[in-house]
Amino acid sequence: MTVLFNVEIDGSVTGARVVDVKNVQGTSKHFMKMDAAKQKRVLANCVEFYKEQAVRLTNRMVGWKPAMQNDRPIQARVTVPIIFQP
């Protein structure tokens, strides 16, 4: 999953949003026993949950240094990959 956000001139994070989701899959025995329609619903719910968590985590990140241009801080757009593992 890739999150896009802005680092403001004061180092705060704004505008976090998920721009890409890849490789979401269910592998448990319980998941494999579900019919295809239920698997699709479960994966969709999981993707939404992980997207919410990725944005929440990104918004809570602290300590960013703003980009500099002509020795002055400026707003910068940043992309960060976030990987959730079981």
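Readers should treat all values here as calculations from the given coordinates under stated rules, not as data from a laboratory. Just so it is clear, the model here is predicted, and its values are computed rather than measured. We place every Cβ from the backbone using ideal geometry, glycine too, and count neighbours over all the protein chains shown.
Percent of Cα pairs in the chain per distance bin of 5 Å, from zero to the largest separation: 3, 13, 21, 17, 13, 11, 8, 6, 4, 3, 1, 1. Rounded to 0.05, the FRET efficiency of the GLU48 and ARG72 pair, given R0 = 35 Å and the Cβ-Cβ distance, is 0.35. Considering helices alone, the calculated mean residue ellipticity of the chain at 222 nm is -11500 deg cm²/dmol, with DSSP H runs of length four and up weighted by -39500 (n - 2.57) and normalised per residue. Magnitude of the charge dipole for region 6-86, about its Cα centre and with charges confined to Cβ atoms of Lys, Arg (+1) and Asp, Glu (-1), is about 420 debye. Between ILE74, PHE31, VAL19, the Cα set farthest toward the positive side of the dipole of the chain (charges on each charged residue's Cβ, about the Cα centre) is that of PHE31.
Counting only alpha carbon atoms, the long axis of helix 36-60 and the longest principal axis of the chain meet at about 20°.
Listed by chain and number, the lysines placed with their C-alpha closer than 26 angstrom to that of LYS40 are LYS22, LYS29, LYS51; residues fewer than eight positions away on the same chain are left out.
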